[in-house]
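The values are calculated or read from the model by the stated rules, or taken from the named source; none is laboratory data. Just so we're clear, the structure is a prediction, and the values are computed from it rather than from any experiment. Here the Cβ positions follow ideal geometry from the backbone for every residue, glycine too, while neighbour counts run over all protein chains shown. Just so you know, the surface numbers come from the protein's heavy atoms only, side chains and all, with ligands and any DNA or RNA stripped out. Shrake-Rupley method; radii C 1.70, N 1.55, O 1.52, S 1.80 Å.
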There are 2 protein chains.
Amino acid sequence: MSEKCILLDHGSGGLASQELISSLFIKHLDNPTLRGLEDSAVLDRQNGRLAFTTDSYVVDPIFFPGGDIGKLAVHGTINDLAMRGAQPLCLSLGLILEEGMPLDDLERIIISIAEACRESGVPIVTGDTKVVPKGKGDKIFINTSGIGVVADGIDISSKNAREGDIILLSGTMGDHGITIMTRRAGIAMQGQLESDTMPLHRLVARLLKELPGSVRTLRDPTRGGVATTLNEIAANSQLGIELREESLPVRPQVRAACELLGLEPLYLANEGKLLAVVASDRAEEALQIMRETAEGAEATIIGRMFNGKAGRVVINTPVGGLRVVTPLHGEPLPRIC
Amino acid sequence: MSEKCILLDHGSGGLASQELISSLFIKHLDNPTLRGLEDSAVLDRQNGRLAFTTDSYVVDPIFFPGGDIGKLAVHGTINDLAMRGAQPLCLSLGLILEEGMPLDDLERIIISIAEACRESGVPIVTGDTKVVPKGKGDKIFINTSGIGVVADGIDISSKNAREGDIILLSGTMGDHGITIMTRRAGIAMQGQLESDTMPLHRLVARLLKELPGSVRTLRDPTRGGVATTLNEIAANSQLGIELREESLPVRPQVRAACELLGLEPLYLANEGKLLAVVASDRAEEALQIMRETAEGAEATIIGRMFNGKAGRVVINTPVGGLRVVTPLHGEPLPRIC
């Protein structure tokens with residue numbers, strides 16, 4: 001398919017669309033439900049409540065160290081389901097392609113989506129493709145929506161955090177955000193940086209299995225970073241959050257790039273990390289469980305919920321100071337995910 | 001909010017995003033599930049199989065006689081669910097906004113989405129907004145994904161059509177497609193033309209309730225029109241389809257515009273029509289049921305499934321001729337939906 005491009009015809013719903021579907025989508029993403037190619041996929045009856053989520057991905061560049069827009073779209077939506085304690089069941093795939101996009105690039109992305117689906121065990125069961133004229137889009141935008149199943153007794157919500165609960169972060173901050181930013185800025189250190197894009201549903205399943213009832217809140221700190229997500233947890237639970245600055249994990253190369261660009265890792269997007277609020281008597285256990293997994297090998301306890309000003313996040317600095325961590329305002333660079 | 005515009009900041013995930021969410025989305029689309037603003041919506045356990053579908057909308061212009069991109073996005077996804085015999089349960093809303101889009105236009109679209117949801121009884125329960133820089137999108141692209149519930153015993157599929165089954169069309173052809181095309185071409189007769197965008201789930205529910213087991217296939221002939229959809233039904237059922245040309249309903253003003261532009265109504269997109277394949281002994285009843293509804297008041301029998309060449313659609317012309325109706329190849333004009 002080299003040197004071939006996406007044409008407006010590929011979005012017509014006619015023969016060119018069908019060719020794209022069979023030569024690319026069915027070829028790589030095949031499964032019995034998708035193969036039906038009906039107006040909707042029909043899935044078996046599910047034994048539990050349903051989780052439902054949607055996310056559009058407009059990241060620029062579409063290929064970056066550690067991943068690409070396709071992998072991000074699969075992992076991101078799986079993670080949004082997992083953050084309610086749901087077992088992800090299936091995804092939809094909505095593509096908006098720009099006329100002139102190389103078919104090779106599209107195939108590379110579809111193959112990456114297929115790999116991410118296989119590795120995660122979560123299939124694409126329904127899809128849609130539109131094409132916009134050159135200059136009216138930017139190569140490819142992807143929407144993935146997803147359905148998950150929430151087992152009985154599971155109740156994970158950012159409202160559920162209680163006073164005294166401990167906050168864990170499953171790994172280092174800012175890897176995805178800084179990778180995209182340095183790549184866009186063309187900064188040389190980019191070779192050492194890599195997106196952390198990763199599915200977190202297995203880590204979540206393990207936490208919920210081993211610590212039923214003790215996990216109150218799960219959130220993945222994507223856009224707006226750990227700082228913004230913690231502010232949302234504090235606001236929704238009507239509690240304060242206290243962080244220990246020295247416990248906030250950042251890779252040295254991420255810290256170096258942040259210093260160069262004048263950025264704060266607390267506000268950078270992560271695509272393979274979660275924040276967990278856990279009952280204090282089970283926090284050490286939760287930490288051990290996380291550290292036994294590949295996804296959470298670098299997990300740390302970063303703070304606690306306390307009866308401070310509702311919705312306020314404060315940080316204890318190593319020199320004994322205290323500063324308020326506000327939510328993100330002012331986008332440092334758009335199109336991070 | 002007049003004269004205000006979408007900024008990159010509105011897609012940051014930070015304060016500007018939250019302001020947009022509360023001042024627009026929650027204000028107009030509010031319901032208890034959406035209000036949670038968690039990573040996923042959590043829905044009650046459902047009593048039946050699930051239907052799941054996704055569609056992105058890139059129509060240009062975004063406002064047109066009879067509707068707008070928002071209404072289209074709600075109706076289109078509801079209809080895709082209904083075409084598998086599902087009762088639509090809820091929708092997701094994924095927006096990709098272009099920097100500089102007037103906030104007034106966005107609010108007008110969100111209000112239209114809210115009205116369409118209210119009228120259809122199908123809420124938006126989860127959403128996502130991204131912003132791309134000016135020139136990297138085109139005002140607004142919308143993805144709506146949807147979940148529906150398929151009651152036990154319902155099995156609607158384009159594979160299920162049988163020899164001798166009768167094909168009904170719920171109304172006139174081409175209204176949506178020609179409305180968009182004439183508007184884009186700036187043709188004067190546009191005043192008389194109007195999109196047929198409409199939710200069809202209530203019409204489907206009535207057909208399935210009154211004729212259980214006799215409705216084999218339901219499809220909404222959107223992109224590619226009635227001709228392309230019938231070709232898909234013929235291919236999936238491994239049968240031929242025979243149409244009576246004089247029975248194909250087209251409004252006079254649509255026909256006039258088609259003649260002017262050299263277009264064939266059979267290939268034009270519809271956004272509020274369905275094709276139903278029904279057992280021959282219940283076809284007249286199905287027609288009566290359709291005609292009793294607002295959605296199907298102009299329904300007609302247009303043809304039948306026959307043991308001809310598998311996958312081939314032929315048309316009997318009034319002068320006794322026969323011609324083959326191929327699927328669409330070559331997009332007459334992109335971004336119809």
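Brief remarks on what is shown
- B:Ser23 vs. criteria hydroxyl-bearing (Ser, Thr, Tyr) and out of contact with any strand residue (DSSP E or B) (no Cβ under 6 Å at 6 or more places or on another chain): yes
- Matching residues in the stretch A:175-197 - criterion: being within 14 Å of chain B (Cβ to nearest Cβ) and closer than 24 Å to A:Leu287 by Cβ: A:His176
- Some residue of the stretch A:317-337 being in the same structural domain as A:Leu266 (by TED's automatic domain parsing), closer than 16 Å to A:Thr217 by Cβ and touching a helix residue (DSSP H, G or I) at 6+ places or on another chain (Cβ under 9 Å): no
- Top-ranked residue of the stretch B:255-278 - restricted to ones that are open to solvent by 10 Å² or more (accessible area, probe 1.4 Å) and of a type in the set (Gly, Ala, Ser), ranked as nearest to B:Leu230 (Cα to Cα): B:Gly262
- Breaking point among (1) surrounded by fewer than 24 Cβ atoms within 10 Å (Cβ to Cβ); (2) under 17 Å from the mean Cα position of the chain (by Cα), for B:Asp105: (2)
- Of the residues making up the stretch B:308-320, at least one is polar (S, T, N, Q) and open to solvent by 10 Å² or more (accessible area, probe 1.4 Å).
- The number of residues in the stretch B:7-32 being crowded, with 19+ Cβ neighbours inside 10 Å and outside any loop (DSSP other than H, G, I, E, B) comes to 11.
- Residue in the stretch B:34-49 that is hydrophobic (A, V, I, L, M, F, W, C), modelled with pLDDT of 95 or more and closer than 24 Å to A:Leu97 by Cα present: no
- Within the stretch A:155-200, the residues that satisfy the criterion of being under 30 Å from B:Arg45 (Cα atoms) and out of contact with any Gly (no Cβ under 6 Å at 6 or more places or on another chain) are A:Asp155, A:Ser157, A:Ser158, A:Lys159, A:Asn160, A:Ala161, A:Arg162, A:Asp165, A:Pro199, A:Leu200.
- Against the conditions (1) under 17 Å from B:Leu97 (Cβ atoms); (2) part of a loop (DSSP other than H, G, I, E, B); (3) open to solvent by 20 Å² or more (accessible area, probe 1.4 Å); (4) at pLDDT 90 or above, B:Val59 satisfies every one except (3).
- Pairs where the first residue, in the stretch A:302-328, is touching a residue at least 60 places away in the same chain (Cβ under 8 Å) and farther than 16 Å from A:Glu232 by Cβ and the second is open to solvent by less than 10 Å² (accessible area, probe 1.4 Å) and of a type in the set (D, E, K, R), C-beta under 6 Å, 6+ apart: none
- Residues that are assigned to a strand (DSSP E or B) and within 11 Å of another protein chain (Cβ to nearest Cβ), drawn from the stretch B:109-143: B:Ile124, B:Val125, B:Thr126, B:Gly127, B:Asp128, B:Thr129, B:Lys130, B:Val131, B:Val132, B:Phe141, B:Ile142, B:Asn143
- Per the conditions (1) in a helix (DSSP H, G or I); (2) over 27 Å from B:Glu271 (Cα atoms); (3) in contact (Cβ under 8 Å) with a residue 12 or more places away in the chain, the sole criterion not satisfied by B:Gln46 is (1).
- Checking each residue in the stretch A:23-58 for being of a type in the set (S, T, N, Q) and more than 12 Å from every other protein chain (Cβ to nearest Cβ) picks out A:Ser23, A:Asn31.
- Any hit, the stretch B:223-240, residues being surrounded by fewer than 23 Cβ atoms within 10 Å (Cβ to Cβ) and closer than 19 Å to B:Pro88 by Cβ: no
- Restricted to the stretch A:156-203, and to residues there that are assigned to a helix (DSSP H, G or I), of a type in the set (D, E, K, R) and at pLDDT 95 or above, the residue that is least open to solvent (accessible area, probe 1.4 Å) is A:Asp175.
- Among (1) not in a helix (DSSP H, G or I); (2) not assigned by TED's automatic domain parsing to the domain that holds A:Val59, the one test that A:Gly146 misses: (2)
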